[in-house]
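Here is the structure we will look at, set down as structure tokens.
The values are calculated or read from the model by the stated rules, or taken from the named source; none is laboratory data. The structure displayed is predicted, hence computed values, not measured ones. Cβ atoms come from the backbone with ideal geometry, glycine included; neighbour counts cover every protein chain shown. Ligands, DNA and RNA are stripped out before the accessible areas are found, and what is left, the full protein with its side chains, is counted by its heavy atoms. Shrake-Rupley method; radii C 1.70, N 1.55, O 1.52, S 1.80 Å.
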Amino acid sequence: MDSSPTRRTARLLGVGARTLGRSLLKRLPGGDAAQRKVDYWTNVGRDWAQTLGEMRGAAMKLGQLASQYADVLPPQLAEQLKKLQNAAEPIPFAKVQAALSERWSAAQRAQVAHIEPEALAAASIGQVHRARLVDGRNVVVKLRYPGVELAVDADLTQLRRLIGMSKLLPVDDAAMDKLMGEVRARFRDETDYAAELSHLQFLRTNARMPGIVYPEPVESLCGPGVLVLVEEPGVSLDEARTWPQARRDALAATLCRWLAHELFVAHAVHADPHPGNFAFREGKGGGPDEIVVYDFGCVKRVPPTIVADVRVLLDAFADRDWPRAHATLDRLGGLADKVPLKLTEPLYRDIDRLMAQPLSDPKGFDFSDRHFIPALRANALEHMALTFKFKPVTDMVFVMRAVSGLYWVMRALKARVDLNAVLGEQGLRLRRDTAALLT
């Protein structure tokens, strides 16, 4: 990747100028306005995907993050940005060896018997190689691309402008600045492998639960730009989705329990839940199937006060107590100034009807239901006038990324999960009167 902030800024300015030009053309009178809108997002998405993919680093990472919100993005844009999930090409092994020689001492290099020349995986920030230690352990070596940490601030400054030009997110400048500040903090963590090691150690201690496997770090080989973990093998999501229904349902239930435990007990959420960060395998000794979790660069530590308010908000929705829900959302910073309840209550009722009811189905929520997301999209369009009445809750942005990402993993599994039972373990429910749904 090109780590020069000046050249990277020039590339992002270029794609921004092209986006602005397409936006002006889209507004011209005459012709098929609907088709122009489709063409606009298709061309913008193609341009963004190509540019961000070639740049790697924070630029590519933000595109990957955006792609995980396929349920709220313009479909043509989402389709193009999905390509970024698997777009990174590994750097040559000679550069890997050179980088490791700079980052490891002679004593550290002596602990490694062999490193596979072919990369196991390549991403926006770094790449991974299998290796074997002299003590016989199989490990994976995660190497940060040289210079990637230097470009984060410059990339995000220009991407902030790019998002503003495209009118992709309907939020005001103050909310956008807070949002990008949160993104910047998470991306800095992702380029800091000491922070990633700390996240992994925290989750291994505070978010342990049956069915979830966290790799063990080889701390003597971890350092600036290098993270070494004991290899924990498993099969991909594509293979796990072919397993029998009962096994897929159990995997999804484990993922739901894990997310609830992370948020409500550990107050720290793994916020990069794309399919490549999970592997699936049979449990040991005939126990339940296990899910191996990878990549701990993006872990959001959630303040206890925020977690407490999320509990209150869920509880208020379960009781359909709209004044309490409204007040709690306001306390979280999710409402514009002085928005009255009478304006937002119809939306709360629709959320209850479209989300809480199906999610709290006593027979379990069917993640393969293809009507769920389109119904939410249609409802969002009906309430478009409320767009600027809400603001992103900064501390929940990456939690919602985790929720969205896990939803698509469980949708791929075509799983059914009793979500009320999962939340019940944390003293919560989605609705108080689930029995009424049977009548």
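The Glu282 and Arg204 beta-carbon pair, evaluated with R₀ = 25 Å, returns a calculated FRET efficiency of approximately 0.70. The packing ranking, built from the mean of other Cβ atoms within 10 Å per residue, places the peptides 205-211, 248-254 in the order 248-254, 205-211, highest first. Taking every protein chain into account, the 1.4 Å probe leaves Ser105 with about 50 Å² of accessible area, to the nearest ten.
Please give the peptides 212-218, 267-273, 341-347, 361-367 ranked by average Cβ packing (other Cβ atoms within 10 Å per residue), highest first, as a rough proxy for protection.
By packing density, highest mean first, the sequence is 267-273, 212-218, 361-367, 341-347.
Could you calculate the FRET efficiency of Ala194 with Ala33 from 1/(1 + (r/R0)^6), where r is the beta carbon distance between them and R0 is 60 Å, rounded to 0.05? Given R0 = 60 Å and the Cβ-Cβ separation, E is 0.70.
Computed over the alpha-carbon atoms, segment 296-342 gives an Rg to Rh ratio of 1.08, Rh here being the Kirkwood radius from the mean inverse distance.
Spin-label pair Ala308-Asp337: with each label point 7 Å from Cα along the Cα-Cβ axis, the two points sit 2.7 nm from one another. Note on Glu216 and Lys363: their simple-model spin labels are 4.5 nm apart, each label 7 Å out from Cα toward Cβ.
Taking 0.36 nm per residue of separation and subtracting the Cα-Cα distance, what length does fully extending Leu428 through Glu382 add?
Stretched fully, the Leu428-Glu382 segment lengthens by 13.6 nm.
In a fully extended conformation the segment linking Ala98 and Val403 would gain 105.9 nm over its present Cα-Cα distance, using 0.36 nm per residue.
Between Asp47 and His114, the modelled labels are 4.9 nm apart [label points 7 Å from Cα along Cα→Cβ]. Fully extending the segment from Arg18 to Thr242 would add 76.4 nm, taking 0.36 nm per residue of separation and subtracting the current Cα-Cα distance. With a Förster radius of 60 Å applied to the beta-carbon distance between His371 and Ser105, the computed FRET efficiency rounds to 0.55. With Cα atoms as the point set, segment 319-439 shows a radius of gyration and Dmax of 15.2, 42 Å.
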